[in-house]
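Notes for the one structure printed next.
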Amino acid sequence: MRCKKCGQKACMEIRRHRAAFCPEHLIEHLQNQVARAIKKFKMFAPNEKLLVAVSGGKDSLALWDMLLDLGYQADGLYINLGIGDYSVRSKEKSSNFAASRNAVLYIVSLKEIYGVGVEHIAKKTSKAYCSACGLVKRYIMNLAASRGGYAAIVTGHNLDDEATTLLGNVLHWQVGYLGRQSPNMPAAGGLARKVKPLCRLTERETAAYCVIKGIDYIIEECPMSVGATSLRYKEVLNFLENHAPGTKDQFYLGFLREGQRYFLENTEEPELKACSSCGQPTTAEVCSFCRQMERAGLDPLAVHRAFATE
Ligand code: AMP
Ligand code: ZN
Ligand code: ZN
C-alpha cells in the first residue's frame with residue numbers, strides 16, 4: 001500500500017475514503033478533515049477563545065493538539081470525577097500533554113470540592129452511573145466556559161460516538177434528541193455553544209494520530225462504562241462498516257444533511273430560565289444538577305465557590 005499523496009509506504013488505509021497515507025500525510029489528512037468540519041458546520045472563528053474538554057483519552061488530546069497546530073487559542077478543562085486510579089492516570093496524561101504544549105489546563109476536582117467522587121453521587125441518587133456523571137460533566141463544562149469567557153466548549157466526540165448516539169436515538173425514536181444532535185449546538189439562554197470538530201474522524205484515526213504524534217493517552221475506557229448499551233451499538237456499526245466501508249459516514253453525515261432538519265422543525269425549543277438555586281440555565285424551577293447534588297446530600301453551590309477562588 002502506497003501513500004495517496006507521495007507514493008511512499010503507507011502506514012494506514014482509510015477504506016471509506018479509498019485512500020492510504022504515510023505518517024506525515026495521514027496527519028495532514030486528519031487535520032484537514034477537522035478543519036473541514038469546523039468550516040462546514042461554522043463551529044468557530046479563528047479569533048474565538050475555545051475551551052477544550054479533555055479526558056486524557058485519544059480523542060480529546062488529539063483534538064487539542066490539532067486545534068493548537070491549526071493556530072486556535074484553545075485552553076483545556078479536565079474534570080476529575082474521582083474514579084480511582086483511572087482518574088489519577090487520566091489527569092496525569094492531560095497535564096503532561098498541557099505541559100508539553102505549554103497550554104493552559106484548568107482542573108476541577110470533585111473529590112477536592114465535595115470529598116466524594118461521582119460514584120457516590122450515582123449511588124445516593126440511584127441513577128445510572130453514566131447519566132449521573134454526564135450531568136456533572138455538562139454542568140461543570142458550562143460553568144467553566146461562562147466564568148472564563150469562552151466562546152465555545154469543544155469536545156472530542158468522534159464519528160463512532162456520534163453514529164452510535166444516532167443509532168440509539170433512532171432505535172428509541174428520541175425525536176427531541178434527534179432534532180438537537182448536531183456537531184454545533186449554538187449558545188442558548190446562558191448555555192455555551194458546544195462543538196464537535198472530530199465528527200468526521202473515527203476512533204481508529206484519532207488513535208493513529210496520537211501514536212504518530214507521540215501523544216501519550218489513557219488507553220482503557222472508563223471502568224464505569226463497561227457493559228453500557230452504547231458499546232453494543234458501536235459493535236453493530238463496526239460490523240456494518242467492515243462489510244461496507246462508508247456506512248458510518250452515510251448514516252451520520254447523511255442524517256445531518258438530510259434528516260436532522262425534519263426533527264428540528266418538530267422540536268420545540270425548550271424555554272430556559274435561571275435555576276432558583278444556582279442561577280444556571282434550566283427548563284425547570286431548580287436545575288437537574290442542583291436536584292442531583294441535593295439528593296446526594298451535597299451542596300450544589302460548592303462548585304461555584306471553587307471557581308470563585310481560582
Ligand atoms: P465520553 O463522554 O467519555 O465519551 O467523552 C466525550 C467527550 O467529553 C470527550 O472527548 C471529552 O471532550 C469530554 N470529557 C470526557 N470526560 C471528561 C473529563 N473527565 N473532563 C473533561 N472533559 C471530559
Ligand atoms: Zn505521503
Ligand atoms: Zn441549579
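The values are calculated or read from the model by the stated rules, or taken from the named source; none is laboratory data. Quick caveat, the model's predicted, so the values are computed rather than measured. Virtual Cβ from ideal backbone geometry, glycine too; neighbours counted across all protein chains shown. Please note that ligands, DNA and RNA were not included when accessible areas were found on the heavy atoms of the full protein model with its side chains. Shrake-Rupley method; radii C 1.70, N 1.55, O 1.52, S 1.80 Å.
Looking only at the stretch 203-244, how many residues end up being at pLDDT 95 or above, within 30 Å of G117 (Cα to Cα) and open to solvent by less than 30 Å² (accessible area, probe 1.4 Å)?
So the answer is 5.
From R180, R200, R193, R147, which residue is under 16 Å from the mean Cα position of the chain (by Cα) and surrounded by fewer than 18 Cβ atoms within 10 Å (Cβ to Cβ)?
After applying the criteria, what remains is R180.
Each row is one residue, and each column tells you yes or no for (1) surrounded by fewer than 21 Cβ atoms within 10 Å (Cβ to Cβ); (2) closer than 16 Å to A152 by Cα; (3) more than 16 Å from ligand 2 (Cβ to nearest atom).
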| residue | (1), (2), (3) |
| --- | --- |
| K4 | yes, no, no |
| A10 | yes, no, no |
| A20 | yes, no, no |
| N32 | yes, no, no |
| K39 | yes, yes, yes |
| D59 | no, no, yes |
| A62 | no, no, yes |
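Could you check, for the stretch 278-289, whether at least one of its residues is surrounded by fewer than 15 Cβ atoms within 10 Å (Cβ to Cβ), over 30 Å from A62 (Cα atoms) and of a type in the set (D, E)?
Yes: one or more hits.
What are the pairs, 6+ residues apart or on separate chains, where a residue within the stretch 99-123 that is over 9 Å from G82 (Cα atoms) has its Cβ under 7 Å from a residue that is modelled with pLDDT of 95 or more and open to solvent by 60 Å² or more (accessible area, probe 1.4 Å)?
Every condition considered, the pairs that remain are I107/K91.
Exactly one condition in (1) away from ligand 1 (no atom under 16 Å from the Cβ); (2) surrounded by 15 or more Cβ atoms within 10 Å (Cβ to Cβ); (3) within 29 Å of Y139 (Cβ to Cβ) is false for N47; which is it?
Every listed condition holds for N47 apart from (2).
Being among the polar types (S, T, N, Q) and open to solvent by 70 Å² or more (accessible area, probe 1.4 Å) narrows it down to one of Q260, Q250, so name that one.
Only one candidate passes the filter, namely Q250.
Any residue at all in the stretch 95-110 that's in contact with a Lys or Arg (Cβ under 8 Å, 6 or more places away or on another chain), within 22 Å of G149 (Cα to Cα) and open to solvent by 60 Å² or more (accessible area, probe 1.4 Å)?
The first filter runs over the stretch 95-110 and keeps only residues in contact with a Lys or Arg (Cβ under 8 Å, 6 or more places away or on another chain), leaving 107.
Applying the additional criterion that residues be within 22 Å of G149 (Cα to Cα) yields 107.
Remaining after also requiring open to solvent by 60 Å² or more (accessible area, probe 1.4 Å): 107.
Yes, the stretch 95-110 contains at least one residue that is in contact with a Lys or Arg (Cβ under 8 Å, 6 or more places away or on another chain), within 22 Å of G149 (Cα to Cα) and open to solvent by 60 Å² or more (accessible area, probe 1.4 Å).
Can you tell me which of I27, I79 is β-branched (V, I, T) and buried (at least 21 other Cβ atoms within 10 Å of the Cβ)?
Checking each option against the conditions leaves just I79.
How many of the residues in the stretch 281-290 are near ligand 3 (Cβ under 8 Å from one of its atoms) and farther than 17 Å from I121 by Cβ?
1
If we scan the stretch 120-135, do we find a residue that is assigned to a helix (DSSP H, G or I), aromatic (F, W, Y) and at pLDDT below 95?
yes
If you go through the stretch 58-69 one residue at a time, do you hit one that is in contact with an Asp or Glu (Cβ under 8 Å, 6 or more places away or on another chain) and hydrophobic (A, V, I, L, M, F, W, C)?
At the first step, the residues of the stretch 58-69 found to be in contact with an Asp or Glu (Cβ under 8 Å, 6 or more places away or on another chain) are 58-59.
Narrowing further to those that are hydrophobic (A, V, I, L, M, F, W, C): none.
Within the stretch 58-69, none of the residues are in contact with an Asp or Glu (Cβ under 8 Å, 6 or more places away or on another chain) and hydrophobic (A, V, I, L, M, F, W, C).
When you check L70 against the structure, is it in contact with a helix residue (DSSP H, G or I) (Cβ under 9 Å, 6 or more places away or on another chain), open to solvent by 60 Å² or more (accessible area, probe 1.4 Å) and either more than 16 Å from ligand 2 (Cβ to nearest atom) or closer than 12 Å to V195 by Cα (or both), yes or no?
yes
Evaluate the following for D299: is it within 30 Å of A20 (Cβ to Cβ) and either part of a loop (DSSP other than H, G, I, E, B) or away from ligand 3 (no atom under 16 Å from the Cβ) (or both)?
no
Counting residues that are within 27 Å of A151 (Cβ to Cβ), which strands (runs of 3 or more DSSP E) fully inside the stretch 1-91 reach at least 2? Spell out the reasoning first.
Values: elements: 12-14, 19-21, 49-53, 73-80.
So the answer is 49-53, 73-80.
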